[in-house]
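Colleague: Here's a structure for you.
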Amino acid sequence: MAVLALGLLVGIATASAEETLRFPGTATPTQPLERLTVHGALDIPQIRPLLEDFHRRFPYVSLTYRNLTTLELNQRFLAARTPSADVLISSAMPWQYRLANDGHAQPLESVRASAWPAWARWRQELFAVTFEPIVMVYRRELAERFRAPRSHADLLALLNQHGEALKGRVVTYDPARSGAGYSYAVEEARLSPRYWELVAALGGADTVLEETTGAMLEGLKEGKYWLGYNLLGSYARDVVAANPALEMVIPDDYALITQRLVLIPHRARHPATAQRFVDYLLGERAQRILAERTALGAVHPALTGPGTANALQARLGDALRPIRLSPALLATLDDLKRRALLTRWQREFRRWQPTPASDTPGGTSAVQGTPAPLAWDHRASAAR
């Protein structure tokens with residue numbers, strides 16, 4: 001197997017770290033060298049098993065993988081005058097959907113693509129390749145002192161009964177600063193008639209608002225927080241497994257499912273190799289690797305057992321709520337709709353809190369003192 005070169009470069013636009021993984025290809029007398037560049041909002045430890053296996057199968061492909069934030073990935077693609085990536089992989093579902101809807105994706109015409117579940121693809125241009133539940137994580141101290149929540153209804157009851165004792169001990173996404181948190185808020189507002197009661201109860205417990213699942217997990221590991229709500233399960237699973245003080249719960253009343261969406265840009269420099277790679281991702285071999293060697297979850301309908309959509313379906317049934325690939329995703333990028341939802345979210349969150357002096361026009365938002373969001377700012381609200 002070719003030697004891996006793992007380099008750490010300085011990312012453009014946001015000055016954040018960009019990790020690059022390279023697999024040099026080897027041409028043969030009968031097989032010329034091919035090239036492939038993949039841009040993904042997916043950490044290298046999670047995608048490495050897939051890339052290694054792909055390179056073993058196709059050693060003549062010189063493969064470069066760049067790990068970016070969802071915002072960097074989207075901005076870099078749109079800003080490029082010449083094609084910079086052959087494949088895009090991102091958990092920012094609305095952004096990926098908009099790229100495909102705006103004509104930036106080319107179709108994949110293959111048997112696997114045609115057979116891919118209808119709920120996990122849009123046309124033959126956008127494919128969901130992972131199955132990642134949104135979860136709660138709690139410390140054992142919470143379970144010992146109170147009853148550990150198994151559902152959103154349990155969480156609401158816990159906050160209503162013990163909100164005073166839990167002040168500052170609960171953490172969740174700030175939907176005004178996190179694209180992921182905002183997307184989940186949109187979905188839950190559609191799903192649950194009691195969602196706004198839950199937001200008010202979170203505010204009543206002085207819930208801390210963070211931008212990322214990673215920040216929430218750090219606070220939970222340190223004991224700063226006792227309960228985290230709406231964390232990305234694929235990131236939480238390994239942290240919880242390595243920390244006996246933590247437990248992870250997939251809510252059994254309804255469980256949001258987010259997915260990594262893959263597309264081949266219409267102007268991909270190496271379209272044939274890109275199609276080979278995406279077709280590989282849709283195959284049983286790659287999907288089994290996702291199920292068995294990562295925490296991302298497999299979509300493939302033929303796979304069962306731990307780490308698969310079928311296993312979660314068997315366990316939770318109709319409680320599963322995958323975020324749908326539909327035009328509704330575009331609504332999450334609409335300025336007016338976003339402003340209306342955030343205004344209500346902030347109002348409900350501070351329902352039981354004293355009105356701060358800064359709650360005046362031109363003041364600051366009651367949510368963690370951040371500037372009041374008046375318009376959708378892609379630079380400040382990356383999905384995470």
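Colleague: Quick one: how many residues across segment 101-133 are under 18 Å from the mean Cα position of the chain (by Cα) and either free of Cβ contacts under 8 Å to residues at least 60 places away in the same chain or not in a strand (DSSP E or B) (or both)?
Modeller: Residues flagged as under 18 Å from the mean Cα position of the chain (by Cα) and either free of Cβ contacts under 8 Å to residues at least 60 places away in the same chain or not in a strand (DSSP E or B) (or both) within segment 101-133 amount to 4.
Colleague: Applying the selection to segment 293-350, what residues are free of Cβ contacts under 8 Å to residues at least 60 places away in the same chain, touching a Leu at 6+ places or on another chain (Cβ under 8 Å) and assigned by TED's automatic domain parsing to the domain that holds residue 94?
Modeller: 300, 307, 310, 313 - these are the residues of segment 293-350 that are free of Cβ contacts under 8 Å to residues at least 60 places away in the same chain, touching a Leu at 6+ places or on another chain (Cβ under 8 Å) and assigned by TED's automatic domain parsing to the domain that holds residue 94.
Colleague: Among the listed residues 199, 249, which satisfies the condition of being farther than 30 Å from residue 281 by Cα and either at pLDDT below 95 or out of contact with any His (no Cβ under 8 Å at 6 or more places or on another chain) (or both)?
Modeller: Going through 199, 249 in turn, just one is farther than 30 Å from residue 281 by Cα and either at pLDDT below 95 or out of contact with any His (no Cβ under 8 Å at 6 or more places or on another chain) (or both): 199.
Colleague: Moving to a separate point now. If I ask for residues that are of a type in the set (Val, Ile, Thr) and more than 16 Å from the chain's Cα centre (by Cα), which ones from segment 293-324 would you list?
Modeller: 304, 308
Colleague: Sticking with this structure for a sec: Have a look at 51, 36 and point out the one that is outside any strand (DSSP E or B), in the same structural domain as residue 277 (by TED's automatic domain parsing), touching a strand residue (DSSP E or B) at 6+ places or on another chain (Cβ under 9 Å) and hydrophobic (A, V, I, L, M, F, W, C).
Modeller: Among 51, 36, only 51 is outside any strand (DSSP E or B), in the same structural domain as residue 277 (by TED's automatic domain parsing), touching a strand residue (DSSP E or B) at 6+ places or on another chain (Cβ under 9 Å) and hydrophobic (A, V, I, L, M, F, W, C).
Colleague: Given the condition under 20 Å from residue 70 (Cβ atoms) and either touching a Leu at 6+ places or on another chain (Cβ under 7 Å) or surrounded by fewer than 24 Cβ atoms within 10 Å (Cβ to Cβ) (or both), answer yes or no: does some residue in segment 248-256 qualify?
Modeller: Looking for residues that are under 20 Å from residue 70 (Cβ atoms) and either touching a Leu at 6+ places or on another chain (Cβ under 7 Å) or surrounded by fewer than 24 Cβ atoms within 10 Å (Cβ to Cβ) (or both), one finds at least one in segment 248-256, hence yes.
Colleague: Taking the stated definitions as given, is residue 87 among the β-branched types (Val, Ile, Thr) and closer than 19 Å to residue 287 by Cβ?
Modeller: The answer is yes for residue 87.
Colleague: Now, a different point. Find the residue count for segment 303-347, including only residues that are under 15 Å from residue 188 (Cβ atoms) and in contact with an Asp or Glu (Cβ under 8 Å, 6 or more places away or on another chain).
Modeller: 3
Colleague: Looking at residue 155, is it of a type outside the set (Val, Ile, Thr), under 26 Å from residue 222 (Cβ atoms) and within 24 Å of the chain's Cα centre (by Cα)?
Modeller: yes
Colleague: May I pose another question? Could you tell me which numbered condition residue 287 fails, if it satisfies all but one of (1) among the polar types (S, T, N, Q); (2) in contact with a strand residue (DSSP E or B) (Cβ under 6 Å, 6 or more places away or on another chain); (3) closer than 28 Å to residue 176 by Cα?
Modeller: All conditions are met except number (3).
Colleague: Quick one: which of 5, 13, 17, 41 is under 17 Å from residue 85 (Cα atoms) and modelled with pLDDT under 50?
Modeller: 13
Colleague: Give the residues of segment 169-196 that are free of Cβ contacts under 8 Å to residues at least 60 places away in the same chain and surrounded by fewer than 20 Cβ atoms within 10 Å (Cβ to Cβ), sorted by residue number.
Modeller: 190, 193, 194, 195, listed by residue number.
Colleague: Quickly run through segment 296-328 and pick out the residues that are assigned to a loop (DSSP other than H, G, I, E, B) and within 17 Å of residue 135 (Cβ to Cβ).
Modeller: 296, 297, 306, 307, 323
The values are calculated or read from the model by the stated rules, or taken from the named source; none is laboratory data. Given the structure is predicted, the values throughout are model-derived calculations rather than measurements. For neighbour counting, all protein chains shown are included, and Cβ atoms are generated from backbone atoms with ideal geometry for every residue, glycine included.
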